[in-house]
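Data first, discussion second: the structure below is written as structure tokens.
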Amino acid sequence: MTFELHFCNIGLMVIPITKAIFPVAGLGTRFLPATKASPKEMLPLVDKPLIQYVVEEAIASGIEEIIIVTGRGKRAIEDHFDISYELEDILRQKGNGKLLAEVQKISNMLDICYVRQKEPYGLGHAILCARNLVKKEPFAVLLGDDVIDADIPALKQMLEIYHTYNAPVVAIQEVDRSQVSYYGIIKANLVGERVYRVSDMVEKPPVEEAPSNLAIIGRYLLTPDIMELLGKTRPGAGKEIQLTDALRELTKIRPVYAYQFHGTRYDAGDKFGFLKATVEFALKNKEFGKDFRQYLKTLKL
Ligand code: UTP
């Protein structure tokens, strides 16, 4: 099959993306009461908190600097990525080198800086809180409760599309039509293998108004002009400043692409999605995956 290519930005220099924003200041209402006093991003998926999987994906994709947008009750995330002298000392004294290395690996991962979103005014507003740290550079946004299991990290796949088209890219997946009202939904034309040129998008549409069943999920590669648009965006769905609304404006001033990545995405900020991720990651675990499979077989389902 041949596809139309959009050359408008080709020829201009592609600025590499090395920074990523992790907005984690949401309230996590879908996972209450577990998230009343602790962040949903710290829920453990087998043996690591959700956010660590996503940080590892960012690093494996070449991200060098992470900006975490925090809010009230999110200190556990900062502590997780910080040095823990007492814990390291105890592990050293006990001669538990393997665990010590594991714990040290987390705090040595890469440079992380934090910025606070004072009130949860929405994902778009959270991203805007990081504008002074990303400056005039393009950047990635990753949502810490969207865990993607993929042979090639999903963000890395998207970066290839970004470099090909030299334009913003959002990750999409097909969802059942009954689910469209939970997502930002795009209107788009297929222009390459799994690549769409976006002409419009709408946040959480009723099913009869959804332009497709292609849903935006928690990975974005954005150009700095989105910050100016976010600054002008008025509260939308849920009275929050929606990234989708600013992206919609962006499609009017430059080409925006959507990429249907290879891999399985788990909405681990949702109770059922979290359970699915837990079972599937446990089954794949090198240490006890086999035993877990055996155990599941003993259940009378
Ligand atoms: P969600 O839509 O998942 O909202 O936000 P939420 O509050 O985290 O969770 P639920 O839906 O109530 O269960 C998408 C992402 O945007 C961040 C969230 O932390 C999540 O990563 N976010 C959302 C903010 O950082 N600030 C906000 O004001 C809202």
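The values are calculated or read from the model by the stated rules, or taken from the named source; none is laboratory data. What you see is a predicted model, and the numbers here were worked out from it, not measured in a lab. When we count neighbours, we look across all protein chains shown, and the Cβ atoms used for this are built from the backbone with ideal geometry, even at glycine.
Okay, here's what the table says:
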{"quantity": "Residue check, A167 within 16 Å of the ligand (Cβ to nearest atom), in contact (Cβ under 8 Å) with a residue 40 or more places away in the chain and farther than 23 Å from L45 by Cα", "calculated": "no"}
{"quantity": "From R92, R72, residue being over 17 Å from the mean Cα position of the chain (by Cα) and under 24 Å from P235 (Cα atoms)", "calculated": "R72"}
{"quantity": "P153 being within 15 Å of the ligand (Cβ to nearest atom) and under 22 Å from L243 (Cβ atoms)", "calculated": "no"}
{"quantity": "Scope region 174-196; condition in contact with a Leu (Cβ under 9 Å, 6 or more places away or on another chain), surrounded by fewer than 21 Cβ atoms within 10 Å (Cβ to Cβ) and part of a strand (DSSP E or B); matching residues", "calculated": "E174, K187, V191, G192"}
{"quantity": "Residues within region 154-173 that are surrounded by fewer than 23 Cβ atoms within 10 Å (Cβ to Cβ) and part of a strand (DSSP E or B), tallied", "calculated": "1"}
{"quantity": "Selection within region 263-280 - assigned to a helix (DSSP H, G or I), within 16 Å of the ligand (Cβ to nearest atom) and of a type in the set (A, V, I, L, M, F, W, C)", "calculated": "F272, F274, L275, A277"}
{"quantity": "Strands (runs of 3 or more DSSP E) completely within region 70-150 that count 3 or more residues being surrounded by fewer than 16 Cβ atoms within 10 Å (Cβ to Cβ), touching a Gly at 6+ places or on another chain (Cβ under 6 Å) and modelled with pLDDT of 90 or more", "calculated": "none"}
{"quantity": "From L296, L301, L229, L283, residue being away from the ligand (no atom under 13 Å from the Cβ), surrounded by fewer than 21 Cβ atoms within 10 Å (Cβ to Cβ) and assigned to a loop (DSSP other than H, G, I, E, B)", "calculated": "L301"}
{"quantity": "Residue in region 31-53 that is modelled with pLDDT of 90 or more, surrounded by 13 or more Cβ atoms within 10 Å (Cβ to Cβ), more than 16 Å from the ligand (Cβ to nearest atom) and not hydrophobic (A, V, I, L, M, F, W, C) present", "calculated": "yes"}
{"quantity": "Residue among L133, L100, L91, L128 that alone is touching a Leu at 6+ places or on another chain (Cβ under 6 Å), farther than 19 Å from K48 by Cβ and aliphatic (A, V, I, L, M)", "calculated": "L128"}
{"quantity": "Residue identified as more than 12 Å from the ligand (Cβ to nearest atom) and either crowded, with 16+ Cβ neighbours inside 10 Å or not in a loop (DSSP other than H, G, I, E, B) (or both) among I66, I21", "calculated": "I66"}
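Residue-by-condition table, conditions (1) within 14 Å of the ligand (Cβ to nearest atom); (2) β-branched (V, I, T); (3) farther than 23 Å from A171 by Cβ:
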| position | (1), (2), (3) |
| --- | --- |
| S84 | no, no, yes |
| G95 | no, no, yes |
| K98 | no, no, yes |
| E102 | no, no, yes |
| S107 | no, no, yes |
| K118 | yes, no, yes |
| N132 | no, no, yes |
| K135 | no, no, yes |
| P138 | no, no, no |
